[in-house]
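J.: Below: one structure in C-alpha cells.
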Amino acid sequence: MSEQTLDYFFSRRKIQRRDAADVRWSHAVNSRSGLTEALTGPTHMLEADVIMRGRDPREPIMAHPPDTDSDITLREWLEGVKEHDRGIKLDFKSLEALSPSLRLLQEALAEPGRPVWINADILPGPGGRATPLDPQGFLSAVRTLPADMVLSLSWTTGWSARTENPGYSWDMVHMMEDICRTLKHPVTFPVRAALMAQSVSQLTWLLQQSDR
C-alpha cells in the first residue's frame, strides 16, 4: 500500500502500526445509506463506483453497471466525505465520467495528504470479458492530478468454478509495466485473489520494477 496512505491514518492514530492489514475498507459505497453507514463506522477507506447518469441531467453518479441511476451524485458523495478523515477509492467504469469527476474531486477535496485512489481496469486480464478503459485516454486524464494521489490500475478478470482458471500471464504484466514505466504517481495493482497462486512469479516481478 502507498506509504502516504498508511502515514495519513497512522498520524491520526486511526491505526496502531504502518501495516496495510490494519486498514479497514467499505466497498460499493454507492448510496446515501451506504455512505452514512461507512462514515459512522470504523472504516478507513471508502470504495465506490462512478458512472455517468443514464438520463438527464447527465452527471457523475455513484453506481455500478448495469445500474444507470443512483440516489446520490458524485458531488453530493464528495461533500459528505469532506468533513471526515476517510480515504477514498473511486472506481471508474467509463472514460466519459472521468474528466468531470476529476474536476469535482479537486474542488471538493482540497486537503493535502488525504488518501485518494483512482481505479480503472485498463488492460484485458485472465478470463476477463468486459472491455477495459483505453489506457492512454485514462492516463491522459489523470496525468495532472496531485502527485500523492494513487493510481489503482488493473486488468479485467473472470473466474469459473470447477474449471482450471488461468493466472496473470507474462505478457499481461509486461504490458502493465510498459504503461506504468513513465508515471510519476504511486501505483497499486488490484488483482483477483483466486488467481494469485498461479501468478506469484509474474506479479512479484511486476512489483519489483519500481519503488512506486
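J.: Of the residues that make up the stretch 3-18, is at least one surrounded by fewer than 20 Cβ atoms within 10 Å (Cβ to Cβ), among the polar types (S, T, N, Q) and touching a residue at least 60 places away in the same chain (Cβ under 8 Å)?
T.: Yes, because at least one residue in the stretch 3-18 is surrounded by fewer than 20 Cβ atoms within 10 Å (Cβ to Cβ), among the polar types (S, T, N, Q) and touching a residue at least 60 places away in the same chain (Cβ under 8 Å).
J.: Let me ask something else. Please specify each residue of the stretch 176-212 satisfying the condition of being of a type in the set (A, V, I, L, M), under 22 Å from Thr131 (Cβ atoms), in a helix (DSSP H, G or I) and in contact with a helix residue (DSSP H, G or I) (Cβ under 9 Å, 6 or more places away or on another chain).
T.: Within the stretch 176-212, Met176, Ile179 meet the criteria.
J.: May I pose another question? Name the single residue, out of those in the stretch 160-197 being touching a residue at least 40 places away in the same chain (Cβ under 8 Å) and closer than 17 Å to Val142 by Cα, that is surrounded by the fewest Cβ atoms within 10 Å (Cβ to Cβ). Step through it out loud before you land on a result.
T.: Taking the stretch 160-197 as the starting set, the residues that turn out to be touching a residue at least 40 places away in the same chain (Cβ under 8 Å) are 166-169, 172, 175-176, 179, 183, 185-186, 188, 190, 192, 195.
Within this subset, residues satisfying the condition of being closer than 17 Å to Val142 by Cα are 176, 179, 183, 185-186, 188.
Details: Met176: 24, Ile179: 17, Leu183: 15, His185: 19, Pro186: 20, Thr188: 19.
Applying the filter and picking the extreme gives Leu183.
J.: Please find, within the stretch 111-140, the residue that is modelled with the lowest pLDDT out of those that are surrounded by fewer than 19 Cβ atoms within 10 Å (Cβ to Cβ) and among the small types (Gly, Ala, Ser).
T.: Ranking the candidates gives Gly113 first.
J.: List the pairs whose first member sits in the stretch 90-115 and is over 14 Å from Arg75 (Cβ atoms), whose second member is polar (S, T, N, Q) and outside any helix (DSSP H, G or I), and whose Cβ atoms are under 9 Å apart, counting only residues at least 6 apart or on separate chains?
T.: Within 9 Å, the pairs are Asp91/Asn119; Asp91/Ser152; Phe92/Asn119; Pro115/Ser2.
J.: Another question about this same structure. Does any residue of the stretch 1-10 turn out to be over 18 Å from Ile118 (Cα atoms), hydroxyl-bearing (Ser, Thr, Tyr) and either part of a loop (DSSP other than H, G, I, E, B) or at pLDDT below 95 (or both)? Working first, answer last.
T.: As a first pass, look at the stretch 1-10 and keep what is over 18 Å from Ile118 (Cα atoms): 7, 9-10.
Checking the rest, the ones that are also hydroxyl-bearing (Ser, Thr, Tyr) come to none.
No, that holds for no residue.
J.: A follow-up question, please. Determine which member of the set Lys93, Lys184 is within 21 Å of Thr5 (Cα to Cα) and among the basic types (Lys, Arg). Can you show your working first?
T.: Numbers: Lys93 fails: within 21 Å of Thr5 (Cα to Cα).
Step by step, each of Lys93, Lys184 is checked, and only Lys184 is within 21 Å of Thr5 (Cα to Cα) and among the basic types (Lys, Arg).
J.: Okay, moving on. Just give me the residues in the stretch 141-152 being surrounded by fewer than 16 Cβ atoms within 10 Å (Cβ to Cβ) and of a type in the set (D, E, K, R), in sequence order. Break it down into steps so the answer makes sense when it comes.
T.: In the first step, residues of the stretch 141-152 are kept if they are surrounded by fewer than 16 Cβ atoms within 10 Å (Cβ to Cβ); the result is 143-144, 146-147.
Selection gives Arg143 alone.
J.: Something else about it: If you go through the stretch 147-156 one residue at a time, do you hit one that is over 19 Å from Glu47 (Cβ atoms) and modelled with pLDDT under 95?
T.: Taking the stretch 147-156 and keeping what is over 19 Å from Glu47 (Cβ atoms), we get 147.
Subset that is modelled with pLDDT under 95: 147.
So far as the stretch 147-156 goes, yes, one or more of its residues are over 19 Å from Glu47 (Cβ atoms) and modelled with pLDDT under 95.
J.: Name the one entry in Ile72, Ile88, Ile51 that is touching a helix residue (DSSP H, G or I) at 6+ places or on another chain (Cβ under 7 Å), over 22 Å from Glu111 (Cα atoms) and surrounded by 19 or more Cβ atoms within 10 Å (Cβ to Cβ).
T.: On the way: Ile88 fails: over 22 Å from Glu111 (Cα atoms); Ile51 fails: touching a helix residue (DSSP H, G or I) at 6+ places or on another chain (Cβ under 7 Å).
Every option except Ile72 fails the conditions.
The values are calculated or read from the model by the stated rules, or taken from the named source; none is laboratory data. Since this is a predicted model, take the numbers as computed values, not measurements. Quick reminder, even Gly has a Cβ in these numbers, built from the backbone with ideal geometry, and neighbours come from all protein chains shown.
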